[in-house]
Each structure stands twice: as structure tokens, then as C-alpha cells.
Amino acid sequence: GDSVTQTEGLVTLTKGLPVMLNCTYQTTYSPFLFWYVQHLNEAPKLLLKSSTDNKRTEHQGFYATLHKSSSSFHLQKSSVQLSDSALYFCALRGSWQLIFGSGTQLTVMP
Amino acid sequence: EAAVTQSPRNKVAVTGGKVTLSCNQTNNHNNMYWYRQDTGHGLRLIHYSYGAGSTEKGDIPDGYKASRPSQENFSLILELATPSQTSVYFCASGDPGQISGNTLYFGEGSRLIVV
């Protein structure tokens with residue numbers, strides 16, 4: 001069945017460094033992926049969603065590219081800020097629901 | 001901005017008691033969802049609904065019931081609460097199955113502790 005895998009449970013970085021959060025998926029349908037971000041004690045919110053194959057999408061300094069060849073939709077940012085500390089979920093569009101990965105907690109240190 | 005509101009935001013219940021979590025959306029979305037969030041498990045789907053009067057089982061429905069009396073309202077019911085149901089529960093509305101991949105909008109969450 002459809003599934004999403006996020007391999008890192010916890011990522012800790014110093015402010016100003018680049019980050020990549022991994023997301024791979026399995027589906028028999030045409031893939032459509034999302035990244036959601038959840039700050040402490042808040043609701044998950046959409047960060048960005050995929051476009052066509054090999055096309056980069058960007059929002060708030062974060063970017064991701066759907067690669068069908070490798071079934072991946074990794075989230076990247078060139079320079080993390082303290083305010084980026086949050087829980088990040090990758091999600092795959094199903095026929096009637098979103099299928100979420102287990103999430104990656106990003107902690108940015110001063 | 002789409003709006004999903006949940007109540008109560010915090011609840012302490014006794015084992016064996018009944019708990020009802022309520023959700024209201026003003027987005028006019030057909031689909032509504034109840035998830036629970038636990039460390040290491042991400043967001044897991046409990047029940048969902050396609051519209052008023054419909055409820056469907058998600059991935060972890062055991063111990064939960066759902067009710068969708070109207071387009072706007074979707075409740076999650078724990079008839080006999082157990083400590084294993086201690087969690088944070090999120091309601092969401094949206095239609096992610098559409099070709100354009102519509103967004104899910106989440107409520108602020110309901111923190112339930114069963115003692």
C-alpha cells in the first residue's frame with residue numbers, strides 16, 4: 001500500500017547551517033506530496049506541496065523537488081533560523097486522505 | 001483563512017468514562033478527519049467522514065466512534081476511555097484527494113489525559 005518514510009526522527013543544527021530532511025514514498029498512483037510544519041503546541045500547517053516531476057517548489061525559504069525516479073521529496077533550506085525549530089511531516093496524497101510520515105523534529109541551536 | 005476549531009482543548013478523564021471531542025469547521029469542506037498524535041508515530045487516522053451522516057474507519061479506529069451530524073461538525077467519541085488513549089487529538093478538514101492536492105486544515109488540537 002501507499003506509505004511515506006522519514007528516516008530522521010531528530011535533527012539538531014546550529015543556526016545558519018543548511019538542512020535537508022528526507023522523505024521517500026511508495027505509491028501506485030501519480031504522486032502528490034506535501035510538507036507540513038508543526039510548531040510547539042500549535043496545529044500542523046501546510047509548508048509546501050509538490051509540483052511536476054523534477055520541478056522545485058519553494059515557500060518561506062524552504063524548498064523541495066519531487067523526484068519520481070527516486071520516489072523522493074526531500075525538504076531543504078540553505079540557512080536555518082531559530083524559528084525553524086519545529087516538527088516536520090511529509091505527507092502523500094491518497095485517494096481520500098493524506099498519508100503522513102512519522103515526522104522529523106528539527107531543533108536549531110544558537 | 002480556513003478555520004477549524006476543537007473543544008475541549010484540554011481534558012482529564014477517568015478510566016471507563018465517556019469522552020466526546022468536538023470539531024467545527026467553517027470551510028464548507030466535505031471531508032473531515034480525526035487524527036491522534038503520539039511521539040514516534042506521527043499523525044494516525046482514527047475516523048473520517050465524506051459529509052453529513054457519513055463516518056468511515058481510518059487506520060486505528062478501535063475504541064473510538066465518530067459522528068457527523070452536519071457539514072460543519074464532526075465528533076470523536078470514546079465510550080470507555082482507557083489510559084492508552086491519552087494523546088493529542090487533531091481534527092482536520094479538506095479534500096486532499098483532489099487532483100490539485102487540496103490542503104488539509106487542522107484544528108489546534110485537544111489534549112486528553114486518561115487517568
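The values are calculated or read from the model by the stated rules, or taken from the named source; none is laboratory data. Predicted model, so just to flag it, every value in this text is computed and none were measured. Neighbour counts are summed over all protein chains in view; Cβ atoms, including those assigned to glycine, are modelled from backbone coordinates with ideal geometry. Surface areas here come from the heavy atoms of the whole protein model, side chains and all, with no ligands, DNA or RNA. Shrake-Rupley method; radii C 1.70, N 1.55, O 1.52, S 1.80 Å.
Numbers below:
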{"quantity": "Where A meets B: accessible area buried, both sides, 1.4 Å probe, Å²", "calculated": "1700 Å²"}
{"quantity": "Whole-Å semi-axes of the ellipsoid equivalent to region B:4-114 (Cα gyration tensor, √5λ, descending)", "calculated": "23, 14, 13"}
{"quantity": "Virtual spin-label span in nm between A:Met20 and B:Asn10, 7 Å along Cα→Cβ", "calculated": "4.2 nm"}
{"quantity": "Threshold 30 Å², region A:87-110 residues less accessible with all protein chains present than alone (1.4 Å probe)", "calculated": "A:Phe89, A:Arg93, A:Trp96, A:Gln97, A:Leu98, A:Phe100, A:Ser102"}
{"quantity": "Among B:Thr15, B:Thr82, B:Thr39: highest mean-square fluctuation, GNM of chain B, C-alpha pairs under 10 Å", "calculated": "B:Thr39"}
{"quantity": "The protein assembly as shown, accessible surface, carbon-and-sulfur percent (1.4 angstrom probe)", "calculated": "50 percent"}
{"quantity": "The protein assembly as shown - accessible surface per residue (Å², probe 1.4 Å)", "calculated": "47 Å²"}
{"quantity": "Qualifying aspartates and glutamates (Cα of each under 14 Å from Cα of A:Lys45; at least 8 residues distant if same chain)", "calculated": "A:Asp84, B:Glu1, B:Glu108"}
{"quantity": "Among A:Leu21, A:Leu47, A:Leu82: highest mean-square fluctuation, GNM of chain A, C-alpha pairs under 10 Å", "calculated": "A:Leu82"}
{"quantity": "B:Thr26 versus B:Glu79: modelled label distance in nm, points set 7 Å from Cα along the beta carbon direction", "calculated": "3.5 nm"}
{"quantity": "Complex-versus-alone comparison for region A:12-41, residues with a loss of 10 Å² or more in accessible area, probe 1.4 Å", "calculated": "A:Phe32, A:Phe34, A:Tyr36, A:Gln38, A:Asn41"}
{"quantity": "Residue with peak Gaussian network fluctuation, chain A [Cα springs, cutoff 10 Å], from A:Phe73, A:Phe89, A:Phe100", "calculated": "A:Phe100"}
{"quantity": "Separation between Cα centres of region A:55-88 and region B:50-87, rounded to whole Å", "calculated": "33 Å"}
{"quantity": "Kirkwood-type radius of the protein assembly as shown, with distances r between different C-alpha atoms, in Å", "calculated": "18.0 Å"}
{"quantity": "Per-selection Kirkwood Rh - region A:3-109 (Cα, Å, 1 d.p.)", "calculated": "13.8 Å"}
